[in-house]
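The values are calculated or read from the model by the stated rules, or taken from the named source; none is laboratory data. Predicted model only: the values in this text are computed from it and were never measured. Here the Cβ positions follow ideal geometry from the backbone for every residue, glycine too, while neighbour counts run over all protein chains shown. The accessibility values were calculated without ligands, DNA or RNA, using every heavy atom of the protein model including side chains. Shrake-Rupley method; radii C 1.70, N 1.55, O 1.52, S 1.80 Å.
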Amino acid sequence: MGSLVCVGTGLQLAGQISVMSRSYIEHADIVLSLLPDGFSQRWIQQINPNVINLQQYYAQDGEVKNRRETYEQMVCVILDAVRAGKKTVCALYGHPGVFACVSHLAIARARAEGFSAKMEPGISAEACLWADLGIDPGNSGHQSFEASQFMFFNHTPDPATHVLLWQIAIAGEHTLTEFHTTSARLQILVEQLNQWYPRDHEVIIYEAANLPIQLPRIERLPLADLPYANLTPISTLLIPPAKKLKYNYAILAKLGIDPESLG
């Protein structure tokens, strides 16, 4: 009977995949891959030559194509393999469950049809970000939003925490047919964020390294300059805290804790 395992390959070629995830790839009847470059694709083909590259379902050569259609095609290919009785592995860049709807859709559909389906975690861009920037998010807490969702819905960031805005390069894009935003949309985001952060507040554009020989991109700039920044599909915006944490004196009193004892 067919089965499905969605695994993450991490951010750096070969070096960040878990032993278990690599084993699933090695022993699969078929591997469906969604990886960022040819190096990664060739590496996974060395582990298991029975690989189908799902990148082919994205819009090609100027074609206008809704990404929902692309994702549905990918899920159908994955499910066809499972229904054919194959031990199927879907290998995705980074963490297979983070900004990767294909894995969630495929697992849900496979389980609904009675197949065994699960996910194995991978090293995500967020995990790399904390390491590369030397930040412990536990010190002040952090919030995380997809950039367009942050703009479209009534989210309220906490300026005393770290705030992450993912997929900043397509902030404000709603048609699911484009892979870039505009300076005008980013200006609207700046104006929105200005409710909580001054325009001269330093923000960071972060991009994890894809190869061991590369360095991560860590670009610091004032919030006001965001509309003119060079953004790529892997850019993430980190907004560091703009305020200090404030004590909740009412709760501390109920707990019998003296604020001075907390340092």
Out of the residues in region 19-36 meeting the condition of being touching a residue at least 24 places away in the same chain (Cβ under 8 Å) and of a type in the set (A, V, I, L, M, F, W, C), tell me which one is farthest from Val77 (Cα to Cα). Met20
Checking Ala59, Ala81, Ala28 in turn, the sole residue that is in a loop (DSSP other than H, G, I, E, B), at pLDDT 95 or above, hydrophobic (A, V, I, L, M, F, W, C) and more than 24 Å from Cys128 (Cα to Cα) turns out to be Ala28
So is Leu4 among the aliphatic types (A, V, I, L, M), touching a residue at least 60 places away in the same chain (Cβ under 8 Å), buried (at least 22 other Cβ atoms within 10 Å of the Cβ) and over 22 Å from Ile213 (Cα atoms) or not? yes
What are the residue pairs meeting all of these: first residue in region 218-229, first residue open to solvent by less than 50 Å² (accessible area, probe 1.4 Å), second residue of a type in the set (Phe, Trp, Tyr) and in a loop (DSSP other than H, G, I, E, B), Cβ atoms under 8 Å, and 6 or more apart or on different chains? Leu223/Tyr197
What is the residue count in region 37-82 for residues that are exposed (fewer than 15 other Cβ atoms within 10 Å of the Cβ), in contact (Cβ under 8 Å) with a residue 40 or more places away in the chain and under 21 Å from the mean Cα position of the chain (by Cα)? 4
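For region 139-155, which residues satisfy the criterion of being of a type in the set (A, V, I, L, M, F, W, C) and part of a helix (DSSP H, G or I)? Lay out the reasoning, then the answer.
At the first step, the residues of region 139-155 found to be of a type in the set (A, V, I, L, M, F, W, C) are 145, 147, 150-153.
Those that are of a type in the set (A, V, I, L, M, F, W, C) and part of a helix (DSSP H, G or I): Ala147, Phe150, Met151, Phe152.
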Restricting to region 194-209, count the residues that are within 21 Å of the chain's Cα centre (by Cα) and crowded, with 18+ Cβ neighbours inside 10 Å. 6
Of the conditions (1) under 27 Å from Gly94 (Cα atoms); (2) in contact with a helix residue (DSSP H, G or I) (Cβ under 9 Å, 6 or more places away or on another chain), the single one that Gln214 does not satisfy is (2)
Could you tell me which of the residues Thr236, Thr232 is touching a helix residue (DSSP H, G or I) at 6+ places or on another chain (Cβ under 8 Å), in contact (Cβ under 8 Å) with a residue 60 or more places away in the chain and exposed (fewer than 13 other Cβ atoms within 10 Å of the Cβ)? Thr232
Would you point out which residue out of Ile135, Ile168 is open to solvent by less than 20 Å² (accessible area, probe 1.4 Å) and either farther than 21 Å from Ser23 by Cα or of a type outside the set (Val, Ile, Thr) (or both)? Ile168
Just for region 84-105: of the residues that are open to solvent by less than 10 Å² (accessible area, probe 1.4 Å) and outside any strand (DSSP E or B), which one is nearest to Arg22 (Cα to Cα)? Pro96
Could you list all residues from region 106-138 that are under 17 Å from the mean Cα position of the chain (by Cα) and part of a strand (DSSP E or B)? Met119
Please count how many residues of region 123-155 are closer than 22 Å to Trp196 by Cβ and in contact (Cβ under 8 Å) with a residue 12 or more places away in the chain. 17
Those residues that are outside any helix (DSSP H, G or I), over 14 Å from Lys87 (Cβ atoms) and either out of contact with any Cys (no Cβ under 9 Å at 6 or more places or on another chain) or modelled with pLDDT of 95 or more (or both), I need them from region 4-25; list them, please. Gly8, Thr9, Leu13, Ala14, Gly15, Ile17, Ser18
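Does region 107-131 hold any residues that are of a type in the set (D, E, K, R) and buried (at least 17 other Cβ atoms within 10 Å of the Cβ), and which are they?
Arg109, Glu120, Glu126
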Residues in region 241-255: is at least one more than 21 Å from the chain's Cα centre (by Cα), over 24 Å from Cys128 (Cβ atoms), free of Cβ contacts under 8 Å to residues at least 12 places away in the same chain and surrounded by 13 or more Cβ atoms within 10 Å (Cβ to Cβ)? yes
